[in-house]
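To start, the structure under review is shown below, and the notes come after it.
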Amino acid sequence: MARVFAVQGLYTFDVHDRSLDLSTVIFDTIEVFNVYVQEVKNMNMQLLKILIEGTIDNLESIDERLESHLSAEWQLSRLPLLVKEIMRVGVFELISGPQPSHAMTNAMIINEYLELAKVFACEEDTPFINGVLDAIQKEVK
(Lines give C-alpha, C1' and ligand atoms only; values in the text may rest on other atoms or scores of the structure.)
Protein backbone atom coordinates (compact mmCIF):
# COMPACT_ATOMS: atom_id res chain seq x y z
CA MET A 1 0.00 0.00 0.00
CA ALA A 2 2.91 2.37 0.68
CA ARG A 3 3.91 2.18 -3.00
CA VAL A 4 0.44 3.29 -4.11
CA PHE A 5 0.63 6.28 -1.80
CA ALA A 6 4.20 7.07 -2.85
CA VAL A 7 3.16 7.22 -6.52
CA GLN A 8 0.15 9.36 -5.59
CA GLY A 9 2.31 11.64 -3.45
CA LEU A 10 4.83 12.14 -6.24
CA TYR A 11 1.98 12.83 -8.66
CA THR A 12 0.66 15.50 -6.28
CA PHE A 13 4.15 16.98 -5.98
CA ASP A 14 4.48 17.28 -9.77
CA VAL A 15 0.94 18.58 -10.31
CA HIS A 16 1.77 21.41 -7.90
CA ASP A 17 4.91 22.26 -9.92
CA ARG A 18 7.13 20.74 -7.23
CA SER A 19 6.36 23.66 -4.93
CA LEU A 20 5.13 21.60 -1.95
CA ASP A 21 7.49 20.57 0.83
CA LEU A 22 7.92 16.85 1.55
CA SER A 23 6.01 16.81 4.81
CA THR A 24 3.01 18.42 3.10
CA VAL A 25 3.13 15.89 0.27
CA ILE A 26 3.26 12.95 2.67
CA PHE A 27 0.63 14.32 5.07
CA ASP A 28 -1.82 15.37 2.34
CA THR A 29 -1.46 12.05 0.54
CA ILE A 30 -2.28 10.11 3.69
CA GLU A 31 -5.14 12.41 4.69
CA VAL A 32 -6.86 12.23 1.31
CA PHE A 33 -6.72 8.46 1.21
CA ASN A 34 -7.47 8.03 4.91
CA VAL A 35 -11.04 9.00 4.13
CA TYR A 36 -11.38 6.35 1.43
CA VAL A 37 -9.05 3.51 2.27
CA GLN A 38 -9.21 1.51 5.49
CA GLU A 39 -5.82 -0.08 4.80
CA VAL A 40 -4.09 3.23 5.57
CA LYS A 41 -4.05 2.32 9.24
CA ASN A 42 -1.97 -0.78 8.45
CA MET A 43 0.34 0.88 5.95
CA ASN A 44 4.10 0.87 6.40
CA MET A 45 4.60 4.58 7.05
CA GLN A 46 8.39 4.25 7.18
CA LEU A 47 8.45 2.78 3.67
CA LEU A 48 6.10 5.50 2.39
CA LYS A 49 8.35 8.23 3.77
CA ILE A 50 11.49 6.59 2.36
CA LEU A 51 9.92 6.20 -1.09
CA ILE A 52 8.58 9.75 -1.36
CA GLU A 53 11.60 11.50 0.15
CA GLY A 54 14.11 9.32 -1.67
CA THR A 55 12.43 9.71 -5.04
CA ILE A 56 12.13 13.49 -4.72
CA ASP A 57 15.69 13.88 -3.39
CA ASN A 58 17.07 11.81 -6.30
CA LEU A 59 14.66 12.96 -9.00
CA GLU A 60 17.30 14.37 -11.34
CA SER A 61 19.44 11.22 -11.37
CA ILE A 62 16.35 9.01 -11.60
CA ASP A 63 15.08 10.98 -14.60
CA GLU A 64 18.51 10.77 -16.26
CA ARG A 65 18.52 7.02 -15.76
CA LEU A 66 15.01 6.74 -17.19
CA GLU A 67 15.90 8.95 -20.19
CA SER A 68 18.86 6.69 -20.96
CA HIS A 69 16.46 3.76 -21.37
CA LEU A 70 14.02 5.49 -23.70
CA SER A 71 14.31 5.21 -27.46
CA ALA A 72 15.55 8.17 -29.49
CA GLU A 73 11.97 9.10 -30.45
CA TRP A 74 10.83 9.31 -26.84
CA GLN A 75 11.51 11.78 -24.09
CA LEU A 76 10.44 11.52 -20.49
CA SER A 77 8.36 14.66 -20.91
CA ARG A 78 6.16 12.86 -23.46
CA LEU A 79 5.13 10.09 -21.08
CA PRO A 80 1.86 10.29 -19.15
CA LEU A 81 2.51 11.69 -15.68
CA LEU A 82 1.30 8.59 -13.82
CA VAL A 83 3.55 6.36 -15.94
CA LYS A 84 6.51 8.60 -15.06
CA GLU A 85 5.65 8.54 -11.36
CA ILE A 86 5.30 4.76 -11.29
CA MET A 87 8.68 4.38 -12.99
CA ARG A 88 10.36 7.05 -10.85
CA VAL A 89 9.37 5.46 -7.55
CA GLY A 90 10.20 2.02 -8.94
CA VAL A 91 13.64 3.16 -10.06
CA PHE A 92 14.33 4.73 -6.68
CA GLU A 93 13.43 1.51 -4.92
CA LEU A 94 15.57 -0.55 -7.29
CA ILE A 95 18.66 1.66 -6.99
CA SER A 96 18.39 2.24 -3.25
CA GLY A 97 18.37 -1.45 -2.46
CA PRO A 98 16.16 -3.33 -0.01
CA GLN A 99 14.49 -1.17 2.60
CA PRO A 100 15.10 -2.38 6.15
CA SER A 101 11.40 -2.47 6.89
CA HIS A 102 10.42 -4.32 3.73
CA ALA A 103 13.15 -6.32 2.00
CA MET A 104 12.15 -7.59 -1.43
CA THR A 105 13.96 -8.91 -4.48
CA ASN A 106 14.19 -6.71 -7.58
CA ALA A 107 11.75 -9.00 -9.39
CA MET A 108 9.22 -8.56 -6.57
CA ILE A 109 9.70 -4.78 -6.61
CA ILE A 110 9.16 -4.62 -10.37
CA ASN A 111 6.05 -6.77 -10.03
CA GLU A 112 4.63 -4.36 -7.43
CA TYR A 113 4.99 -1.45 -9.86
CA LEU A 114 3.54 -3.46 -12.73
CA GLU A 115 0.48 -4.12 -10.59
CA LEU A 116 0.21 -0.36 -9.98
CA ALA A 117 0.51 0.24 -13.72
CA LYS A 118 -2.35 -2.17 -14.38
CA VAL A 119 -4.56 -0.10 -12.09
CA PHE A 120 -3.42 3.45 -12.88
CA ALA A 121 -2.03 3.37 -16.42
CA CYS A 122 -3.16 2.14 -19.83
CA GLU A 123 -2.82 -1.54 -20.62
CA GLU A 124 -0.11 -0.93 -23.22
CA ASP A 125 1.99 0.97 -20.67
CA THR A 126 2.60 -2.11 -18.52
CA PRO A 127 5.03 -3.90 -20.89
CA PHE A 128 6.83 -0.60 -21.48
CA ILE A 129 7.25 -0.01 -17.73
CA ASN A 130 8.36 -3.61 -17.30
CA GLY A 131 11.03 -3.26 -19.99
CA VAL A 132 12.46 -0.05 -18.55
CA LEU A 133 12.46 -1.22 -14.92
CA ASP A 134 13.93 -4.59 -15.90
CA ALA A 135 16.77 -2.93 -17.84
CA ILE A 136 17.54 -0.68 -14.89
CA GLN A 137 17.49 -3.49 -12.35
CA LYS A 138 20.04 -5.38 -14.45
CA GLU A 139 22.38 -2.38 -14.13
CA VAL A 140 22.09 -2.20 -10.37
CA LYS A 141 22.45 -5.90 -9.56
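The values are calculated or read from the model by the stated rules, or taken from the named source; none is laboratory data. Nothing here was measured: the structure is a model prediction, and the numbers come from that model. Every residue, glycine as well, gets a Cβ built from its backbone with ideal geometry; the counts of neighbours run over all protein chains shown.
So here's what we get for this one:
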quantity: Of all residues making up region 13-63, the number that are over 18 Å from Ile109 (Cβ atoms) and modelled with pLDDT under 80; calculated: 30
quantity: Condition check for Phe5: at pLDDT below 80, within 28 Å of Pro127 (Cα to Cα), of a type outside the set (A, V, I, L, M) and in contact with a Ser or Thr (Cβ under 8 Å, 6 or more places away or on another chain); calculated: yes
quantity: Where a residue in region 44-68 is in contact (Cβ under 8 Å) with a residue 40 or more places away in the chain and under 20 Å from Ile136 (Cβ atoms) and its partner, wherever it lies, is hydroxyl-bearing (Ser, Thr, Tyr) and not in a helix (DSSP H, G or I), with Cβ under 6 Å and at least six apart; calculated: Leu47/Ser101
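So that you can scan it fast, the table gives a plain yes or no per residue for (1) under 16 Å from Arg3 (Cα atoms); (2) at pLDDT below 95:
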residue	(1), (2)
Thr105	yes, yes
Met108	yes, yes
Leu114	yes, no
Glu123	no, yes
Gly131	no, no
Ile136	no, no
Lys141	no, yes
